[in-house]
1. Output the Cα-based Rg and Dmax of region C:75-194 in Å, rounding Rg to one decimal and Dmax to a whole number.
2. Express in whole angstrom the spacing between the alpha-carbon centres of region A:253-270 and region A:85-135.
3. Give the shape of region B:6-158 as rounded, prolate or oblate, defined through the alpha-carbon gyration tensor: a ≥ b ≥ c are the square roots of its eigenvalues, a/c under 1.5 means rounded, and otherwise the shape is prolate if a/b is larger than b/c and oblate if not.
4. I'd like the distance separating the alpha-carbon centroids of region A:277-309 and region C:119-194, in whole Å.
5. What is the Rg over Rh value, at two decimals, for the protein assembly as shown, using alpha-carbon atoms and the Kirkwood definition of Rh?
6. Measure nothing but the geometry: give the 0 to 90° angle between the long axis through the Cα atoms of A:8-24 and the longest principal axis through the Cα atoms of chain A, rounded to 10°.
7. In nanometres, what is the gap between the two model label sites at residue C:132 and residue A:84, each 7 Å from Cα along Cα-to-Cβ?
8. Calculate the FRET efficiency for residue A:266 and residue A:306 from the Cβ-Cβ distance with a Förster distance of 22 Å, rounded to the nearest 0.05.
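The numbers here are math on the coordinates, done by the rules we state, and not lab data. All values derive from a computational prediction rather than experimental measurement. FYI the Cβ positions are ideal-geometry reconstructions off the backbone, even for glycines, and counts take in every protein chain you see.
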Amino acid sequence: MYVAVKGGETAIAHSIDLLADRRRGDRTVPEVTLQQIDQQLSLAVDRVMTEGSCYDRELAALAIKQARGDLVEAIFLLRAYRTTLPRFGDTLPIDTSRMVAERRISSTFKDVPGGQVLGPTFDYTHRLLDFALMANGETAAAPTAPVDASRDLPRVGDILEREGMLEPPPAGDGAPAQDITRQPLTLPAARPVRLQNLTRGDEGFLLALAYSTQRGYGNNHPFVGEIRFGAVPVSFVPEELGFDIEIAEIELTECDMVNQFAGSHDIPPQFTRGYGLAFGHAERKAMSMALVDRALRAQELSERANSPAQDEEFVLAHSDSVEASGFVQHLKLPHYVDFQSELVVVRALRAEVEARVQQAAE
Amino acid sequence: MPDGAYNYAYLDEQTKRMIRRAILKAVAVPGYQVPFGGREMPLPYGWGTGGIQVTAAIIGQDDTLKVIDQGADDTTNAVSIRRFFARVADVDTTTRTEEATIIQTRHRVPETPLQEGQILVFQVPIPEPLRMLEPRETETRTLHALSEYGVMQVSLYESIARHGRIAKTYNYPVLVNGRYMMSPSPIPKFDNPKLDRNPALQLYGAGREKRIYAVPPYTPVKSLDFDDHPFEIETWEQCCALCGSKASFLDEMIVDDEGQRLFVCSDTDYCEERRK
Amino acid sequence: MTDLARGLADPAHDAQRLFRAVLDGFSHPGRIVALPQAPAGVGPLSAAATAFVLTLVDRDTPLWLAPAFDRDAVRDFVRFHTGAPIVAREAEALFALLTPDRAATLDGFAIGSDPYPDRSATLIVEVPSLSTGPERFLRGPGIQSRTTARVDGLPDSFWSEWKANNALFPCGVDVVLTACSELLALPRGIVVEA
């Protein structure tokens, strides 16, 4: 008797063993390797690194393997590991004009310095299942155009900005940006805090919010100023050296969204920015982020702000998949004490009503 | 420690210091929710990460830890958290309330009265008592600053108007030392009187919401009510089917397809001790 | 740097034990709490003040030093063992080390704000003794009804300043009084009467 949610150590241990067993699946099928995940499910790795706030392809691949392909679970695994890592210091800000771009498009101009580079994209694939992949056919190497890595790739936004048509990027106040993985969110949030939150935010959540702005819930008349994807060098100044050294190269997707702005009493009409940045190749994420970033600037730009995507507290408090997933799923935990309290009161209330009804009938 | 890949009690020392500072602030301003840099824990948000971080920041090898969920030591989540600390903090565990120096709990306060020197750590899902009446943090923070709690009084009054009584049953709001309105976490209101002037230190940790708050020993904790509708706790016609207690919070179980009910103590340690 | 005083021998476990003692002090204002195995005091600081700093101060918490404590031995020790920035302005500090005469006024330190009363400073005030001074009565959270404290060496104005500080609640500073290897906490909510 008296079991309900009694489980104890043995049940938990068995559950964990079962999970590992199911993860492995049929043992006659070769086990997937981390290299295979990294190379062939690379966009999954990119998403886990972005929302996991940790640029490490191998760890992200491990997390995906351990999570059986559940990316939200993989993001959680990577985050929980990341939080235990010691900090050596901060890198210098990366400069995306130094990106060696594999893909770069602008939808605001027919041609731009550096050119439109289509690169690898799903955009012009016909979404027809490729049954050749089922047959394990090897894919031929694709021809690639030579990239001139020696020249900076100017950003379309910078060109517009020189003309005064686009607002300059907001100047920082010089203070180091707050790290949202070390300090609690306080509101109203500074833009660096917002951008960190959005980069870590769940892609599906941001996509839905971004979509809502295009359907009139906080429209901001967006144009893709530019999307670029490629590798950017990362530099660090070791205290003992005193000068910066290049320590790594990371792949990034950057989206500069250009938005109409009617101007105000003091500011002539000009275009404004929404910004998106993600690890790896993640255009849907970067674009969604840029749209939501711009939507969240509504108040700053004295626009009407009454749509969900423009509501800073609503967006920032609900964007995180690890927080959301945990809290939604915690309803699986036993709640029978609280439910018992409710039962006691509801029974008493029902009895009172029934007594009243009966009294009235007599 | 048993698991060499991680620091003692899982958290790094800098994180512990940050949480410890937040705890001291929480004790200094009873009932006020101190924002802290909550970390991602290896357990999901909503499953006790706040309580776990508080416990990890205070626990040492001299401690004896008890973990309960729904009053019981053997519910799966309690087992899981106890196992976590046995592994990362190399600490003795117990199911006996009076032997424990730290008790981490979800949804209950033990029936056995606590002693001075004991620390009760609550796992808190939503630390803001006004959240369901006002979802915005920016608003509720102002209400606390002004000590303006009329919105809650109105809500309780509406309940009386509708039901003839205050129908709120768990997470029943309290006023700490006459100043801050506080969520006692989703304990049944049955447990609210135990919070009042308790000799033990009460620490509340909300991991996802990144808040820590506290009630120091012997601090007045008043459950909100009205003169003509005084606060009252749940009562049962039944007594515990195992130990016969008429004074404890009872769990209800459906024991057959006919819907037969059985009532037993929710606090398993209390019940077992009474049966000895 | 060669004669730099030692920090905590076993950082994780020593800090835990010391913190629990501090927490005990904050939970029971007015109670004299002995710090177990406190490291030796550095320079002019007591063992208790030194232990408190090693337990709770780090690079995230600017520290202010009263002139009498602003010496190389203390600065080097704090920088090496905690990494805390030592600040010149009281208002920037989250922790401050005070002599009794500097505690004649509590002005200038952060007291937090009504929405964020936690954004306030904790003052560590070194005193000659926690048990031989004039009797005062304490009331407030953590105290069953009333308790007595006999802190020695504080100027009378400290106690009038304390009354003003208490009136700021929930804002205000918290004070930790230290002597030898003992401390006594005065969280801001405690009412003190002669």
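1. Both quantities, over Cα of region C:75-194: 14.5, 43 Å.
2. Rounded to whole Å, the Cα centres lie 24 Å apart.
3. Details: a/c = 1.99, a/b = 1.56, b/c = 1.28.
Taking the square roots of the gyration eigenvalues as a ≥ b ≥ c, region B:6-158 is prolate.
4. Here the two parts' Cα centres lie 50 Å apart.
5. On the way: Rg = 29.7 Å, Rh = 29.9 Å.
For the protein assembly as shown, the value is 0.99.
6. 40
7. For residue C:132 paired with residue A:84, the spin-label model returns 5.0 nm.
8. Computed FRET efficiency for residue A:266 and residue A:306: 0.45.
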